[in-house]
């Protein structure tokens, strides 16, 4: 199974949970500029690169899980950042160095982060025991 069905399953399952919101984080680079026509051909004049997404290595899915703060923290709620990188479940889903670094940084600062090959993996990453 490639990543796309896994990603969709994870998004659908996690966004049905009452305290989780997950969003697709597309990353990449493209060119923008003005389209010009010369005869039947169209070209991009003065192309400029534009990057999108959080950064190279950031996960496929980002969002948060809302947690109740302890009474020592006034009993409010906080949204804890969540980052889930979906991978193929056939052993061919490569974990790039940038992706590993991203996940480690999110975890280091108190967020939920990891690699998921299934909905169960995603639930484990965010510390949810729903099934």
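The values are calculated or read from the model by the stated rules, or taken from the named source; none is laboratory data. It should be emphasised that the depicted structure is a prediction, and the values quoted were computed from it without experimental measurement. Quick reminder, even Gly has a Cβ in these numbers, built from the backbone with ideal geometry, and neighbours come from all protein chains shown.
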Problem - Spans of strands (runs of 3 or more DSSP E) in the range 26-72 with at least 3 residues free of Cβ contacts under 8 Å to residues at least 60 places away in the same chain and either over 30 Å from residue 12 (Cα atoms) or in contact with a helix residue (DSSP H, G or I) (Cβ under 6 Å, 6 or more places away or on another chain) (or both) - result: 28-38, 41-52
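So, residue 75, is that one surrounded by fewer than 17 Cβ atoms within 10 Å (Cβ to Cβ) and not in a loop (DSSP other than H, G, I, E, B) or not?
It is false that residue 75 is surrounded by fewer than 17 Cβ atoms within 10 Å (Cβ to Cβ) and not in a loop (DSSP other than H, G, I, E, B).
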Exercise for the section: Inspect the range 1-20 for any residue being on the phi > 0 side of the Ramachandran plot, modelled with pLDDT of 90 or more and more than 13 Å from the chain's Cα centre (by Cα) and give the result as yes or no. Expected result: no
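Could you check the range 83-103 and list, in sequence order, the residues that are in a helix (DSSP H, G or I) and loosely packed, with under 11 Cβ neighbours inside 10 Å?
Scanning the range 83-103 gives a single hit, 97.
Considering only the range 1-25, how many residues are free of Cβ contacts under 8 Å to residues at least 12 places away in the same chain and either in a strand (DSSP E or B) or touching a strand residue (DSSP E or B) at 6+ places or on another chain (Cβ under 7 Å) (or both)? Explain how you work it out, then say what you get.
Within the range 1-25, the first condition is being free of Cβ contacts under 8 Å to residues at least 12 places away in the same chain, and the residues that meet it are 4-5, 8, 12, 15-16, 18.
So of that shortlist, the ones also either in a strand (DSSP E or B) or touching a strand residue (DSSP E or B) at 6+ places or on another chain (Cβ under 7 Å) (or both) come out as 15.
Qualifying residue count, the range 1-25: 1.
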